Structures are given as structure tokens and as C-alpha cells.
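The values are calculated or read from the model by the stated rules, or taken from the named source; none is laboratory data. Note that this is a predicted model, so its numbers are computed, not measured. Cβ sites come from the backbone with ideal geometry, for glycine too, and all protein chains shown count toward neighbours. For accessibility, only protein heavy atoms count, side chains too; no ligands or nucleic acids. Shrake-Rupley method; radii C 1.70, N 1.55, O 1.52, S 1.80 Å.
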Amino acid sequence: MSLSDPVGDTTHFLSDDSEGEEPGVRPGQEEESPSGVSVNRARLTVAVLFYINLLNYMDRFTVAGVLPDIENYFGISDGNSGLLQTVFVCSYMLLAPCFGYLGDRYNRKWIMLVGISFWSLVTLASSYTPKNSFWALLLTRGLVGVGEASYSTIAPTIIADLYVKEKRTVMLSVFYFAIPVGSGLGYIVGSSVDKLAGDWHWALRVTPGLGLLAVLMLLFVVNEPKRGGVEARPEHQLQRTSWLADMKSLSRNWSFMLSTFGFTAVAFVTGSLALWAPTFLYRAGIFTGEKPPCVSANCDNSDSLYFGIVTCVTGVLGVTSGMLVSRSLRKRTQRADPLVCAAGLLLSAPFLFLAIVFAQSSTVATYVFIFLGETFLSMNWAIVADILLYVVVPTRRSTAAAFQIVLSHCLGDAGSPYLIGVVSDSLRKRDSYLWQFRSLQVSLMLCSFVAVVGGGFFLATALFIEGDRNRADNYSPSDDEPIVVPRSGRSTKVPVSSVLI
């Protein structure tokens, strides 16, 4: 089976789904699904993709769950600690366009198989970093981003090729449940394994073993669906255009661009909180006298456990409530999706600010405000992905997803953990437990401001969403738009007019 064959892995399954049935089908005979994947296999595919997404986010935030131990082990500053997340996101961000380009043109299943296998091996290697080699931990964490980029840009497009309309929204919501739940499990598993083993290195050895199971499930369960097969116009009716033509079209898609900037604000806030919230809560405990300072090899990571539980619960509540509110408002207005995203960010900002302020006086109040802030912040995960899928034509979705990943991470969580750490270091007047807490507290207040800006971008998206959705539904290549046409076994780009008969 060739990697370059976009549908070479597609197996024709029979489906009992009434959608798309044609007259003349004999009783008891099942009609093939337009996607080329049966109904049951499609559900199993979403389950496998959910599981892999869960592992991705578990691995990503396991490091944050044991960050105080890592700081103590290597003796590093807040700025260097922030680099652990920054190098990962940078490699993830830079390689996403490559995988987006490949995902729109080649077999997506095999691209993911290679990427997940590489990610599992590199994650395991990162757990053997010696004490005097912090650079090696940075390098391996950067390489982990390579594997994750191969998956995150492609998986949502596979779901988009299996379902449409309301079913797609539901399945995307299921898929994106993995983000908060996996993030929370990363904190929980990281802190728990660290406590049991007495060594933070073992926390990084959990997800590679689970990654092997993911590779096997992906290999034997997932099949490549036909691109755009479930749409009103199948893949063979949508010509693939050049990468430059794709980017030019996306840059003029205001709903896509503005929602991407709004999602960038989400990435900035979640990236900052993901790395620094457990450490901030731990320092707040030292400040209030509830916890002893970390002077031994193993620090008190109970806040990572509690924050992980809160993240799991708020993620499920946020994604579910966002989906339900959006579905309800769609009956009244087609602008429901960006409005729900805007409301989520604007409501999260004051609660996150109050959580940061109350950390110095009340642990209970801090966790209550974090709970509310994260719930509202999680409302937009599935909705933003759905916006991308219905304002962009099927043959450009992987490229659009890759571009969104690059921009949102470049201006969002690629730099926000490092920025928060650098600001914290610059505000610290002396190396004391008081200033360690105060400097980080002030620097984290930046998150509330960014959340408000992101809400503004989603409000602007609501102005263009109806027109852009209609253009995507009724898209047809222009006469001068270059398309990719096979020529002697290779691809070449020619104007549409030259191939019209």
C-alpha cells in the first residue's frame, strides 16, 4: 500500500445508515457509506482518535505536573522552566504546515502511524535525561512536538470526512473532550507516579507504553475515508489547488482568520495556566504557610493532583455546555458559534483574575474561581474546530488546520509559558519564597487581559460567519485558479480553463 495514495487504505464497508440510500437497494442489502467507512467502523475510528488525543495531552502536561521536582532537580529558573513548554510548542508549530500539506494529499492513516510511533520513542527517551543535561530534556521535548504535529493537524479532518452537520459537531465534541480530560490526567498521573516511584523520571514513562497500544489500534481499526465523500459534493468534484492558492484563499476568509486569532488567545491562556498553575498554587501554599518549602528530592505535588481533577471536570462541563448552548442558539441565529466562543472567553477573564488574587488568602476560593474560569474557557474547543470545517472547503481543511495551529501557537502557547516565566524573574527583587509567589502572581494576571482580547476577535468573527459559510458550501474553482493535475505520474499545476472540455 502506497503512502502517496490518498485513498489506498480505504476499505469499502457496508452501512445500514439510511442517509444517502438510493432506490433499488434490495431488502437486507446495506448501502455503502459515502465516506467508504461503515457506520460502526466510523464510531470506532472516533473512539481511537479520542484515545490518541487523550494520550497526546496526557504527555504534554505530565511535565507540568512534576515541574517543581524538575526545577529542584536541575536547579533552573522560571524562565528556563517555561522553555520546556515553549520548545515543544515551537517544533509542533513549525512542522504542522508540513503535515497539513501532506494530509491534504496523501494517506492520513500512515502519516499518523509514523508520527505517533516517533512520539512514543522520543517521550521514552526523555525520561532518561541525566542531572547535568537539561539541554537534553529540552531537545527531546522539542522532538515530541514532531510526532504530535503529525496527528493534531490530520485527525479532525478524518472526523469531518465521516460526519456532517449536527453529527459532526457531536463527534468533534467527543474528540475534543480529550483535551481537558487528557490534560487533567497528565497532572494526575504525573504527580501520582512521581509520588509512588519517588522519581519524576518515571512519570514520563507511562504514555509511551500506552502509545504502543494506540499504534496497534490505529493500524487495525482506522481506515482512510474518502475526502469530502459525505459532503454535498464529493472529493472528485472538488479539485485540489496549489498550496499558494490555498493560502491566498484562507487569508481572505475572515471567519477563519478572526476565529484563529480568537483561538490564539485561548492557546495563550491555557498554555500559561497549564504549565504555571500547579506551581503557582504550590507557591501560594508556601506563602500562606499551608505547605513546607521544597528542600528534598521530592516536592509536594498535591496541587498538581487537585488541579488535574479540576481540569478534567471543567473540561467535560465546558465542552458539553458549549456544544449544547451552541446547538440551541443555532435555531435562532447562524452566528451562534462565534458568539458562544466570545462569551466563554469574556466570562472566564474575571474568574481567572479573582483566582490569582485570592490565592494569597483563601485556597478554597482560589479553586472555586479556577473551576469557573476553566469551565468557561473550555466552551470553545469543539466549536472553533467546527467553524474551521464548515467555512473551509474539504480539500483545504488540513492546510487550514495546520495554519491555525502555527498562528495560534506562535502567538499563543509557544511563547506564553516562557513569557510568564521571564516576567516573573524580572519582577522578583530577591530570591525569597515571598517574591517567588508575588512575581508569578503578577505575571499570571496577563492571562485575563488576553482572554478579553480573544473574546473581541470572536465577536468580530460573528460579523462574517454567515457569508463565509455560504461561500464554502457553494464553492467552485475560478477560471484562473491553478489546480493540481497528474502528468506522467507526477503533479503539475495548470489553470482550470486549460482542462475544461
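Output the residues belonging to region 358-368 that are without any contact (Cβ under 8 Å) to a residue 24 or more places away in the chain and either among the β-branched types (Val, Ile, Thr) or assigned to a helix (DSSP H, G or I) (or both).
Passing the criteria: Phe358, Val364, Ala365, Val368.
So which of Ser378, Ser326 ends up being more than 22 Å from Leu275 (Cβ to Cβ), part of a helix (DSSP H, G or I), touching a residue at least 60 places away in the same chain (Cβ under 8 Å) and open to solvent by less than 40 Å² (accessible area, probe 1.4 Å)?
Working: Ser378 fails: more than 22 Å from Leu275 (Cβ to Cβ).
Ser326 is the lone residue from the list that is more than 22 Å from Leu275 (Cβ to Cβ), part of a helix (DSSP H, G or I), touching a residue at least 60 places away in the same chain (Cβ under 8 Å) and open to solvent by less than 40 Å² (accessible area, probe 1.4 Å).
Could you count how many residues in region 266-293 are open to solvent by less than 30 Å² (accessible area, probe 1.4 Å) and under 21 Å from Val189 (Cβ atoms)?
11
When the residues of region 148-205 are filtered to those that are touching a Phe, Trp or Tyr at 6+ places or on another chain (Cβ under 8 Å) and outside any helix (DSSP H, G or I), which remaining residue is nearest to Val37 (Cα to Cα)?
The selected residue is Ile154.
Would you check if there is a residue in region 209-223 being surrounded by fewer than 23 Cβ atoms within 10 Å (Cβ to Cβ), hydrophobic (A, V, I, L, M, F, W, C) and at pLDDT below 80?
No: zero hits.
Exactly one condition in (1) open to solvent by 10 Å² or more (accessible area, probe 1.4 Å); (2) among the aromatic types (Phe, Trp, Tyr); (3) under 25 Å from Ile383 (Cβ atoms); (4) modelled with pLDDT of 80 or more is not met by Phe175; state its number.
The one condition Phe175 does not meet is (1).
Restricting the search to region 417-435, which residues are modelled with pLDDT of 85 or more and outside any helix (DSSP H, G or I)?
none
Among the residues of region 87-117, which ones are within 26 Å of Tyr418 (Cα to Cα) and β-branched (Val, Ile, Thr)?
Once the filter is applied, which keeps residues that are within 26 Å of Tyr418 (Cα to Cα) and β-branched (Val, Ile, Thr), region 87-117 yields Val87, Val89.
Is it the case that some residue within region 456-471 is closer than 30 Å to Pro292 by Cβ, over 24 Å from the mean Cα position of the chain (by Cα) and polar (S, T, N, Q)?
To start, the set of residues in region 456-471 that are closer than 30 Å to Pro292 by Cβ comprises none.
No, the conditions are met nowhere in region 456-471.
Being among the β-branched types (Val, Ile, Thr) and closer than 16 Å to Arg60 by Cα is the filter here, so list the residues in region 166-216 that pass it.
Residues satisfying the conditions are Ile179, Val181, Ile188, Val189, Val193, Val206, Thr207.
Please specify each residue of region 331-356 satisfying the condition of being part of a helix (DSSP H, G or I) and either without any contact (Cβ under 8 Å) to a residue 24 or more places away in the chain or open to solvent by 60 Å² or more (accessible area, probe 1.4 Å) (or both).
Ala336, Leu339, Leu346, Leu347, Pro350, Phe353, Leu354, Ala355
Can you find a residue in region 421-438 that is of a type in the set (Gly, Ala, Ser), farther than 27 Å from Thr169 by Cα and surrounded by fewer than 20 Cβ atoms within 10 Å (Cβ to Cβ)? So that I can check it myself, show each step before the final result.
Restricting attention to region 421-438, the residues satisfying the condition of being of a type in the set (Gly, Ala, Ser) are 421, 424, 426, 432.
Still in the running and farther than 27 Å from Thr169 by Cα: 421, 424, 426, 432.
After this cut, where a residue has to be surrounded by fewer than 20 Cβ atoms within 10 Å (Cβ to Cβ) as well, the list is 426, 432.
Yes, that holds for at least one residue.
What are the residues in region 80-114 that are outside any helix (DSSP H, G or I) and over 20 Å from the mean Cα position of the chain (by Cα), if any?
Of everything in region 80-114, those that are outside any helix (DSSP H, G or I) and over 20 Å from the mean Cα position of the chain (by Cα) turn out to be Arg105, Tyr106, Asn107.
Collect the residues in region 58-79 that are over 24 Å from the mean Cα position of the chain (by Cα) and under 19 Å from Lys195 (Cα atoms), keeping them in residue-number order.
Pro68, Asp69, Ile70, Glu71, Asn72, Tyr73, Phe74
Does region 115-132 contain any residue that is assigned to a loop (DSSP other than H, G, I, E, B), without any contact (Cβ under 8 Å) to a residue 24 or more places away in the chain and open to solvent by 10 Å² or more (accessible area, probe 1.4 Å)?
In the first step, residues of region 115-132 are kept if they are assigned to a loop (DSSP other than H, G, I, E, B); the result is 127-132.
Then keep just the ones that are without any contact (Cβ under 8 Å) to a residue 24 or more places away in the chain; that gives 130, 132.
After this cut, where a residue has to be open to solvent by 10 Å² or more (accessible area, probe 1.4 Å) as well, the list is 130, 132.
Yes, some residue in region 115-132 is assigned to a loop (DSSP other than H, G, I, E, B), without any contact (Cβ under 8 Å) to a residue 24 or more places away in the chain and open to solvent by 10 Å² or more (accessible area, probe 1.4 Å).
Could you check, for region 462-469, whether at least one of its residues is aromatic (Phe, Trp, Tyr), out of contact with any Asp or Glu (no Cβ under 9 Å at 6 or more places or on another chain), crowded, with 18+ Cβ neighbours inside 10 Å and modelled with pLDDT of 85 or more? Break it down stepwise before answering.
Keep residues of region 462-469 that are aromatic (Phe, Trp, Tyr), which gives 464.
From the residues that got through so far, the ones that are out of contact with any Asp or Glu (no Cβ under 9 Å at 6 or more places or on another chain) too are 464.
From what's left, crowded, with 18+ Cβ neighbours inside 10 Å: 464.
Filter once more, keeping what is modelled with pLDDT of 85 or more: 464.
Checked region 462-469: at least one residue is aromatic (Phe, Trp, Tyr), out of contact with any Asp or Glu (no Cβ under 9 Å at 6 or more places or on another chain), crowded, with 18+ Cβ neighbours inside 10 Å and modelled with pLDDT of 85 or more.
Can you spot a residue in region 40-56 that is within 25 Å of Trp135 (Cβ to Cβ) and of a type outside the set (D, E, K, R)?
yes
Would it be correct to say that Leu84 is crowded, with 21+ Cβ neighbours inside 10 Å and within 22 Å of Val422 (Cα to Cα)?
yes
Out of all the residues in region 444-454, is one or more more than 28 Å from Arg327 (Cβ to Cβ), over 21 Å from the mean Cα position of the chain (by Cα) and open to solvent by less than 10 Å² (accessible area, probe 1.4 Å)?
yes
Ala414 fails exactly one of the following numbered conditions: (1) open to solvent by 10 Å² or more (accessible area, probe 1.4 Å); (2) not in a helix (DSSP H, G or I). What is the number of that condition?
With respect to (1) open to solvent by 10 Å² or more (accessible area, probe 1.4 Å); (2) not in a helix (DSSP H, G or I), Ala414 is out only on (1).
Here are some conditions: (1) in contact (Cβ under 8 Å) with a residue 24 or more places away in the chain; (2) open to solvent by less than 30 Å² (accessible area, probe 1.4 Å); (3) touching a helix residue (DSSP H, G or I) at 6+ places or on another chain (Cβ under 9 Å). Thr140 meets all but one. Which one does it not meet?
Condition (1) is where Thr140 drops out.
Listed here are the residues, each with its yes/no results for (1) of a type in the set (S, T, N, Q); (2) under 24 Å from Phe268 (Cβ atoms).
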position	(1), (2)
Leu49	no, no
Leu54	no, yes
Val66	no, yes
Asn72	yes, no
Gly82	no, yes
